[in-house]
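Comments concern the structure below.
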Amino acid sequence: MKYLFTLVLSVSFVVTCFGQDNYDVDLIPSLLRNRANSCIRKEETTIDMRSPDNVMLYVKKAVTVFNENGEREAELVLYYDKNTAIKGIKGEVYNAVGMPVSKFTQNDFSDISAADGFSLFVDSRVKHYLPNVNQFPYTVVYSYEIRNKQSLIIPDWQPKPASDVSVEKSIYTFISKPSDQVRIKASNYPGVPEVTVDEKQKKMVWNVSSLPAVKTEPYSPDPETYFTSIKIAPEHFTYYNHKGSYTNWQDLGKWVYEDLLKDRTALSPATIQTIKELVKDEKTDKEKSKKIYQYLQNRTRYISVQIGIGGFQPVSASEVDRLGYGDCKALVNYMQSLLKAADIESYYCVVEAGSQKKSVDPGFASMVQGNHIILCLPLKGDTTWLECTSQKIPFGFLSDFTDDRLVLACTAEGGKLLRTPKLTTQENRQFRNARLIISADGNVTGSMNTVFSGAQYDNHEAMIGKSVSEQHKMLKASYNVDNIDIKSVSFAQKKDIAPEFTENIDIDIPNYVPVNGKKMFLQPNVFNTMRSIPELRNRTLPVYINRGYTDEDTIVYTLPDNVDTDLITTNERVLSSVFGSYISKASVAGNQLTYYRKIVLNDGTFPAEKYAEFSKFMSDVNATDFLKLALSLK
């Protein structure tokens, strides 16, 4: 499951010439040095949309790098292809007192294919440059000009790219003809743009200044919700000789369907007949769809193909049928065509994929949103979603890569915004049972059975197909217990819409239970401890928990004969919060000590003032998880 396309524009950097500025680091106000790894001294971006097929991007940026953690802001990465031409690049590097120490031009950039390691065909390239400076702080100043033969994608402006970056001044200018219709979305921008209009052009200017770096706050929402940004989408556009117009998602989805998809679904009569034969004995559309999905998984594999109309148009279904491979666009289009042969309706859906949930913006349609394609089957009363790039994923299971977000369905009637199903706190489950034996010298041996479902299925299913040594290595990293030795391992899968992954392991943990005189010290929670999170004063951002989960562990310890079980004192700890619940308890029966732990963490967005409560809840769980029992020896 890989990304839909590689953007052909670098949107992070951005204009016209500055005068000769003084780049002495001492001139940076202390407000902008505090907490900052780098400071954008001055950044200007000008976009001149002269016509739908001639959009100029002028950029100049001066950034001071305080330490190696800030060097990403000094890095310049520019993508280009036959539709995007870099007209010139130049720059200088200055030392801490603002004296020039070196210059660079386009000849100093590396120039490589934009192939990403999994793409078969990529027709874009990338220029890359990072100053080779060993002494901090330093300042890099560069400028460049790019000509784009398209107006479908206009670079966004986000003047503050990260929390640890401060901004002295940043300016964004958009120029178009007075008659051009564009949609603009300003987020977290104070005020309105400066607008000037004459008979030849309309100019809009946004600017910000004196933005300090801030401390990163854990469990924060998507930065797009609180960073300043400007997004622009022209109503009429040209892209790779395709023309179109849109003002909303319905228009955009219809253009994608009509221009990019409609004529690429044809299959050979032989393949159509194969599909009809394949499903002739199935009674429902869902059963037919599952059979066809298995056919897709058995016959195809994922290979990215980033060519043609900027990577937006899929390879034809007949080509995938012939070759047996394709990218997400091509495989979804192929699956859709196979379903059509069985008279089953489906929707080609654009989604912003990734484990961090991110929806398309319902109020602002644009082609830059979405990096992956999935398929929706609007079966009567039983809508089913398919991930078409994996040969292993169960039918109807999307995984945490695309769950619970708004996506754009491209149909003959136009675009529709649909929400993918959510993997809930109850579904994202880990259920563990372990039986362990403690020897008199403190060694632990035994076996453990764990069942993972929902998003936790995703986290562990990758072990299938790995070598035994690689599986052992991954398990040791997962459990992170000193000296743990994996003696044997086996896995099982239940592959359906609610899949489960079962892990069975035999383990040996030498010296897990230290012996000191007449005491043994056992931390009963060996496999599943919670990390604490820092306390924060003056929290400003909401608390965002991306995905909830439920973990339930039962561990039965067989104690050595020399432990006096009558002297074992056990207790129960119960915690409850709006963020979730927790219980842990231990009990003794004969020579067996049973430890039980259950935690439920709720997903959602909570007010900033709730962070103290969240921090305390997590810290209390952490402290309880690490409690030890002192076992008296006879």
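The values are calculated or read from the model by the stated rules, or taken from the named source; none is laboratory data. All of these numbers come straight from a predicted model, not from anything done at the bench. Every residue, glycine among them, receives a Cβ derived from its backbone with ideal geometry; neighbour counts consider all protein chains shown.
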Looking at the range 189-230 only, could you name the residues that are among the polar types (S, T, N, Q), surrounded by 14 or more Cβ atoms within 10 Å (Cβ to Cβ) and more than 21 Å from GLU352 (Cα to Cα)? GLN201, ASN207
Would you confirm whether or not the range 253-267 contains a residue that is more than 27 Å from LEU417 (Cα to Cα) and assigned by TED's automatic domain parsing to the domain that holds MET367? yes
Out of all the residues in the range 496-504, is one or more under 20 Å from SER447 (Cβ atoms), outside any loop (DSSP other than H, G, I, E, B) and among the aromatic types (Phe, Trp, Tyr)? yes
Can ASP551 be described as under 26 Å from ASP482 (Cα atoms) and under 30 Å from the mean Cα position of the chain (by Cα)? yes
Scanning the range 447-477 for residues that are loosely packed, with under 14 Cβ neighbours inside 10 Å, within 27 Å of the chain's Cα centre (by Cα), of a type outside the set (Lys, Arg) and outside any loop (DSSP other than H, G, I, E, B) gives GLU470, ALA477
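Based on this model, can you work out whether PHE527 counts as surrounded by fewer than 16 Cβ atoms within 10 Å (Cβ to Cβ) and among the aromatic types (Phe, Trp, Tyr)?
no
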Hey, among the residues in the range 589-617 that are of a type in the set (Val, Ile, Thr) and out of contact with any helix residue (DSSP H, G or I) (no Cβ under 7 Å at 6 or more places or on another chain), which one's farthest from GLN430 (Cα to Cα)? THR605
Restricting attention to the range 225-267, report how many residues are β-branched (Val, Ile, Thr) and over 26 Å from the mean Cα position of the chain (by Cα). 3
Taking the options TYR549, TYR611, name whichever one is of a type outside the set (Asp, Glu) and in contact with a Phe, Trp or Tyr (Cβ under 9 Å, 6 or more places away or on another chain). TYR611
For the range 106-119, give me each residue that is of a type in the set (S, T, N, Q) and either modelled with pLDDT under 75 or exposed (fewer than 12 other Cβ atoms within 10 Å of the Cβ) (or both). ASN107, SER110, SER113, SER119
Counting just the residues of the range 392-438 that are in contact with a helix residue (DSSP H, G or I) (Cβ under 8 Å, 6 or more places away or on another chain) and of a type in the set (Lys, Arg), which one comes out surrounded by the fewest Cβ atoms within 10 Å (Cβ to Cβ)? LYS392
Members of the range 573-605 found to be among the hydrophobic types (A, V, I, L, M, F, W, C) and either surrounded by fewer than 16 Cβ atoms within 10 Å (Cβ to Cβ) or not in a strand (DSSP E or B) (or both), listed by number: VAL574, VAL578, PHE579, ALA589
So the check is Cβ under 9 Å with 6+ separation or different chains; which pairs have a first residue in the range 397-416 that's in the same structural domain as LEU252 (by TED's automatic domain parsing) and closer than 20 Å to TYR293 by Cα and a second one that's aromatic (Phe, Trp, Tyr) and crowded, with 19+ Cβ neighbours inside 10 Å? PHE397/TRP385; PHE397/TYR457; LEU398/TRP385; SER399/TYR457; THR402/TRP385; ASP403/TRP385; ALA409/TYR347; ALA409/TYR348
Scan the range 274-290 and give yes if some residue there is buried (at least 16 other Cβ atoms within 10 Å of the Cβ) and under 28 Å from ASN54 (Cβ atoms), otherwise no. no
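For the range 322-338, enumerate the residues that are more than 21 Å from the chain's Cα centre (by Cα) and either within 16 Å of ASP263 (Cα to Cα) or among the polar types (S, T, N, Q) (or both).
Scanning the range 322-338 gives ALA330, LEU331, ASN333, TYR334, MET335, GLN336, SER337, LEU338.
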Considering only strands (runs of 3 or more DSSP E) fully contained in the range 162-201, which possess at least 1 residues that are small (Gly, Ala, Ser) and over 29 Å from the mean Cα position of the chain (by Cα)? 165-176
VAL63 fails exactly one of (1) buried (at least 21 other Cβ atoms within 10 Å of the Cβ); (2) under 22 Å from LYS231 (Cα atoms), namely (2)
Just to be sure, is ASN562 within 43 Å of the chain's Cα centre (by Cα) and either surrounded by 12 or more Cβ atoms within 10 Å (Cβ to Cβ) or outside the structural domain of ARG405 (by TED's automatic domain parsing) (or both)? no
Near pairs, Cβ below 6 angstrom, 6+ apart or cross-chain, from the range 439-451 (farther than 22 Å from LEU629 by Cβ) to any residue that is among the hydroxyl-bearing types (Ser, Thr, Tyr): VAL451/THR502
When you check ALA440 against the structure, is it under 29 Å from VAL563 (Cα atoms) and aliphatic (A, V, I, L, M), yes or no? yes
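Can you report the number of residues in the range 208-222 which are more than 19 Å from ASN538 (Cβ to Cβ) and either touching a Lys or Arg at 6+ places or on another chain (Cβ under 7 Å) or in a loop (DSSP other than H, G, I, E, B) (or both)?
The qualifying residues number 2.
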